[in-house]
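The values are calculated or read from the model by the stated rules, or taken from the named source; none is laboratory data. Note that the structure is a prediction, hence the values are computed from the model and not measured. A quick note on method: Cβ atoms are made from the backbone with ideal geometry, for glycine too, and the neighbour counts reach across all protein chains shown.
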Amino acid sequence: MDLGIDGDVALVTASSAGLGRASAESLAAEGANVVICGRSEERLSAAEAAIEPLAGDALAVEADITEADDVEALVEATVEEFGGLDHLVTSAGGVPPGGFVDMTDEDWYAAYDTLVMSAVRTIRAARPHLEASDAGTITCITSTSVREVIDDLLLSNAVRRGVIGLVKSLSREFAPDVRVNAVLPGAHETSRVEELIEAALDRGEFDTYDEGLASWSDGIPLDRIGDPRELGDAVAFLASDRASFVTGVSLPVDGGRLRS
Ligand SMILES: NC(=O)c1ccc[n+]([C@@H]2O[C@H](COP(=O)([O-])OP(=O)(O)OC[C@H]3O[C@@H](n4cnc5c(N)ncnc54)[C@H](OP(=O)(O)O)[C@@H]3O)[C@@H](O)[C@H]2O)c1
């Protein structure tokens with residue numbers, strides 16, 4: 001299936017690794033010009049080198065998406081390089097695990113900055129360019145935690161829901177010019193998950209990495225953890241012409257784990 005995004009311009013935030021990078025790779029594989037960002041120059045360069053051969057063209061920008069000035073500069077750099085913007089994909093860093101008694105006011109505000117304000121500010125800066133495009137889309141990467149709470153992830157459970165309210169509202173406010181959707185990843189084997197498995201190994205919870213990995217498949221009807229590319233392909237589809245009548249949805253990509 002031709003997704004019809006060859007030559008389009010896509011900006012993916014928090015995309016030097018993990019689900020953001022996988023989304024950038026899927027968009028690039030369909031011929032889009034892709035802009036990626038992250039804080040570590042080393043990770044960014046590695047991601048840019050992997051994406052460049054796939055993409056129409058690729059640009060890597062060092063930016064912290066919790067900093068308002070960085071976000072504005074990121075969108076400006078995109079438009080300066082490619083002359084416009086057709087697709088915005090927002091990803092973010094993770095927030096600390098823990099329950100209610102573990103969290104201070106600072107933790108709550110930091111989670112809000114990381115998960116909600118990063119998306120708000122990027123959308124604010126990108127909106128005029130997306131509206132000027134004849135194919136403008138926004139896709140926000142969140143988590144299945146917005147639909148079914150995950151134990152010991154209070155901040156994700158509580159704060160990410162703001163992004164879903166934003167997505168649903170903007171799908172109406174920005175229509176018919178810009179389509180706005182969310183994807184809800186379940187477990188995918190990214191660097192973040194690899195680190196969590198390594199930490200569990202260090203704590204003696206598992207004997208081998210594979211045993212740790214298998215534990216992430218518990219409760220998933222498809223009986224395995226996702227490949228980040230499987231999330232990236234869903235993002236590319238929602239951004240594409242093939243999803244031209246789809247807006248305001250929250251699409252789980254979780255191997256069937258959600259029961260709701
Ligand atoms: N993996 C899963 O199974 C899963 C499931 C559900 C939800 N999620 C959520 O999806 C998001 C991405 O997770 P992931 O597993 O892909 O994580 P990851 O493998 O750790 O990748 C995170 C990416 O975000 C960048 N990043 C982090 N903070 C940033 C900031 N302030 N500004 C700019 N870039 C930043 C990182 O680069 P730098 O550190 O160099 O900046 C890296 O490129 C997280 O919010 C996570 O909670 C993940």
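Structure values in brief
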quantity	calculated
Of the criteria (1) farther than 23 Å from Leu231 by Cα; (2) free of Cβ contacts under 8 Å to residues at least 60 places away in the same chain, which one Arg172 fails	(2)
Restricting the stretch 4-27 to residues that are on the phi > 0 side of the Ramachandran plot and within 13 Å of the chain's Cα centre (by Cα), the residue that is surrounded by the fewest Cβ atoms within 10 Å (Cβ to Cβ)	Gly18
Residue that is surrounded by the most Cβ atoms within 10 Å (Cβ to Cβ), among those in the stretch 96-118 that are within 14 Å of the ligand (Cβ to nearest atom), in a helix (DSSP H, G or I) and without any contact (Cβ under 8 Å) to a residue 60 or more places away in the chain	Leu115
Residue in the stretch 195-210 that is farthest from the ligand (Cβ to nearest atom), counting only those that are among the hydrophobic types (A, V, I, L, M, F, W, C) and farther than 19 Å from Arg224 by Cβ	Leu201
In the stretch 231-260, the residues that are loosely packed, with under 15 Cβ neighbours inside 10 Å and under 18 Å from the mean Cα position of the chain (by Cα)	none
Residue that is surrounded by the most Cβ atoms within 10 Å (Cβ to Cβ), among those in the stretch 122-162 that are of a type in the set (Val, Ile, Thr), within 10 Å of the ligand (Cβ to nearest atom) and within 15 Å of Ser250 (Cβ to Cβ)	Ile141
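Here is a yes/no grid of residues against (1) closer than 22 Å to Leu258 by Cβ; (2) modelled with pLDDT under 90; (3) touching a Leu at 6+ places or on another chain (Cβ under 8 Å); (4) within 13 Å of the ligand (Cβ to nearest atom):
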residue	(1), (2), (3), (4)
Pro176	no, no, no, no
Gly186	yes, no, yes, yes
Gly212	no, no, yes, no
Ile220	yes, no, no, yes
